[in-house]
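Enquirer: Let me begin by handing over the structure; questions about it come next.
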Amino acid sequence: MRLFLFSFLLTSLTSVNTYAIPNVKAEQEEGDTTLVNQFFGLFDAEEGADIPEAQRSKRKQVDELLKVLTKRDGQLQFNGVATASFQVEPQSHANYQAVGSFDIFAFTSFGQHTILFFDLEAIGGDGPDQLIPNLSGLNADAGSTQSSEGIDQLVVLEAWAEFRALKDIFTINVGKIDVTNYFDNNLHANDETSQFLSGAFVNSAALPAPINAPGIRFRTSFVNRFYLQLALSSLDNSGDDLMRDHFKIAETGFKLFPQTGWEANFRFYGFEHPAAGHSRGFGLSFDELIAGRFTVFGRYAKNEKRLSDWFGIEQAWSAGVGFKQLFLNREFKVGLAFGETKPFAQEEQEKLAELYISNQFNQWVFISPHLQWIDPLFADQDEHLLAGLRINFSY
């Protein structure tokens, strides 16, 4: 579920210089400086206001910059990110759980309005979720891709082409897609590699999105304030029977006070799942920037009875706050979130909270300690308190 991090862009800038033509070197260096300044603007108070409404997380498609960085038509470029996390429950027998992952991004453009993208991924470790049964997910970056024989495997996480038309008013993505890259977005709680580790704070626990599979996504925007998008995705990655039994999801959203320190984003979506008799659900997501420094966010999703019975979760909500501050020329971000997940046909709800502090060690490395508390619903499980550390590398 991870996509373009800031390293993806920074390395792209480097690759442009590598192929510079001598007699235009000065001009290109000036252009690169502009791109660098534009890139680092993502960390300004406006939190990347030039990036399209539904794709503003730094792990998402940074579309406006990507258009500039891929002007070398047909030039295949490689970038990536690696993440290592360690989690332990100090009150238990101190069984440390480690997860390591890396993604290799490959992308190229065929003209100004066409992009081809691949994400190759490998993960080692299943995290504390294998020891603590829960509904929320304690490490959304976990999920070993090793074979049953313990052999590491590289998987194709995503492979799609993107087409734009009419000055980018219309966008189409087709190929192997991850619908959560486009739907149920949130600027402050949407990236397990740089924000909250817990799965319930990455996407709603009540969203029954299928695994990455063949699909198509359409999006159109209006006056840079409103958008409407729709996606169809197969239920598995087999490629069989592509024309029937799609997971369908549609979303609309708008933003207020754009490109200011008070920008707010609101998103509303609905979905239909064929595996549950075409039963439906809906959700919403919002995020708000306050005075360019403080943040608030929230999510809510609910499923119809038949879908709840099939998926196991009836509804879920989460909310949180955060702020960022420069200290000794380093960026520190603090995030605090709480959420509840309600299973089907039960009155009790699973409770989850997380606190993290992210430290920008340098341009390529972020380090963040995490503290998580969970009260699972399973009868044999008590409350759990976990401490963790995540290191994020870009390359």
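Enquirer: Based on Cβ point charges of +1 for Lys and Arg and -1 for Asp and Glu, what charge dipole magnitude is obtained for the stretch 219-287 about its Cα centre, in debye rounded to the nearest 20?
Expert: It comes to approximately 340 debye.
Enquirer: Provide the convex hull volume over Cα atoms per residue for the stretch 226-338, in Å³.
Expert: It is 145 Å³ per residue.
Enquirer: Okay, moving on. Determine, for Phe266, Phe297, the number of other Cβ atoms within 10 Å of each Cβ, and report the residues in order from fewest to most.
Expert: Phe266, Phe297
Enquirer: For Gly277, what is the net charge nearby, where nearby means another residue's Cβ is under 12 Å from its Cβ and Lys, Arg count +1, Asp, Glu -1?
Expert: It works out to a net charge of -1.
Enquirer: For the stretch 138-154, just list the computed ³J(HN,Hα) in residue order, Karplus coefficients 6.51, -1.76 and 1.60, θ = phi - 60°, integers in Hz, with x standing in for Gly and Pro.
Expert: 9, 8, 6, 8, 7, x, 4, 9, 5, 6, 5, 8, x, 8, 5, 10, 9
Enquirer: Sorted from fewest to most neighbouring beta carbons within 10 Å, what does the list His273, His384, His93 look like?
Expert: Fewest-to-most ranking of His273, His384, His93: His93, His384, His273.
Enquirer: A further question on this structure: So which trypsin sites (Lys or Arg not before Pro) in the stretch 202-287 are both in a DSSP loop and have at most 12 other Cβ atoms within 10 Å of their Cβ?
Expert: Qualifying residues, ordered by number: Arg225, Arg244.
Enquirer: Apply the Karplus curve 6.51 cos²θ - 1.76 cosθ + 1.60, θ = phi - 60°, to the phi angles in the stretch 282-287 and return the couplings in whole Hz, x for Gly and Pro.
Expert: Computed from phi, the couplings for the stretch 282-287 are 8, x, 8, 8, 9, 9 Hz.
Enquirer: So which of Lys248/Lys302; Lys176/Lys255; Lys176/Lys248; Lys302/Lys351 end up more than 19 Å apart, counting from Cα to Cα?
Expert: Lys176/Lys255
Where a number appears in this text, it was derived from the coordinates with a stated rule and is not lab data. Values in this document were obtained by computation on a predicted structure and should not be read as measured data. Heads up, the Cβs are rebuilt from the backbone with ideal geometry, glycines too, and the neighbour counts pull from every protein chain shown.
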